[in-house]
Structure formats: structure tokens, C-alpha cells
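A short write-up of the structure that comes next.
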């Protein structure tokens, strides 16, 4: 989600953990169409289309809809599935788990624990220590570099 559109989103916050309850019309008015389609209509972006798939920077991944912290970069791994993959959420309350029986499959959908937006699915074929693979649509993620890591990088590279 681009940063300009966040200013028109009154619920976007990296610190407010209170539940967000808005109508679909309200979401449609404040979210970019590509984010709305996936987050609120349970869509799926094309595999390998997210720039976050190849992101290797140190920082935190947030819900692009409400700003809720979801994953730390040190839990991201290369799964080869085409979407950003993580083995563990930041906290138990950052993710909601729901059964998903669409398309004749038995899967577990994951939603944001704050705004209940669709993020992707979790599978039991991930790496240790959890054995889980959270396969997340990149368009519903925002990434913020860790400030200390950025300072160290700039110091190491004379910036």
C-alpha cells in the first residue's frame, strides 16, 4: 500500500491495537482497489508479483489495511511458493485463524487480528521451529525497516 493513501485511512496505526469494525463501503472508500480486493474480498495476488517476496531487509511487516504488526523479518524465509512466507507471527493475537473450504480444499485462512482483513493461508510445511508456513499476499503487507539496522547500514556504507 502506498504511503500517500495511508493518510486517508483513519484506523491505520502501528500502535493502536483496538479492534477495527468498519462497513465494507467504508473500507472501499479508504483502501486502494488492489488492497481492498485481496484484504476485504479474499482475493489472491499473482505469485511472484510482490516486491516483498524478495525483501531481505531487517524490520517489521504490518497489515496494510490497519497497521497492525504481523511478522518480524527474522521469521521470513524463502519457501518458493511465490508469496512472502513467514514461520511465526509477532504475537498470538496478531492473526486470526479460520477454516477455508473453498475450491474443494481444506486450508486455514489467516486474517489480521485487528481488522479481520484476509492475509493469506497457513500450512504445516514450514521450517523449524514452528513447522508452519504463513503464505501472505504481499499487497496486504507494509514493511518498515528497523531504525537501528538502517542506522548501522548507513554507518557501514558512509551515508
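The values are calculated or read from the model by the stated rules, or taken from the named source; none is laboratory data. In this text, all values refer to a predicted model and were calculated from it rather than measured experimentally. Cβ: placed from backbone, ideal geometry, glycine included. Neighbour counts: every protein chain shown.
Do we have residue 155 as touching a helix residue (DSSP H, G or I) at 6+ places or on another chain (Cβ under 9 Å), modelled with pLDDT under 95 and farther than 16 Å from residue 38 by Cβ here? For residue 155, the condition - touching a helix residue (DSSP H, G or I) at 6+ places or on another chain (Cβ under 9 Å), modelled with pLDDT under 95 and farther than 16 Å from residue 38 by Cβ - is not met.
Yes/no per residue for (1) surrounded by fewer than 15 Cβ atoms within 10 Å (Cβ to Cβ); (2) touching a residue at least 12 places away in the same chain (Cβ under 8 Å); (3) more than 18 Å from residue 15 (Cβ to Cβ); (4) in contact with a helix residue (DSSP H, G or I) (Cβ under 8 Å, 6 or more places away or on another chain):
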residue: 77; (1), (2), (3), (4): yes, yes, yes, no
residue: 98; (1), (2), (3), (4): yes, yes, yes, no
residue: 103; (1), (2), (3), (4): yes, no, yes, no
residue: 136; (1), (2), (3), (4): no, yes, yes, no
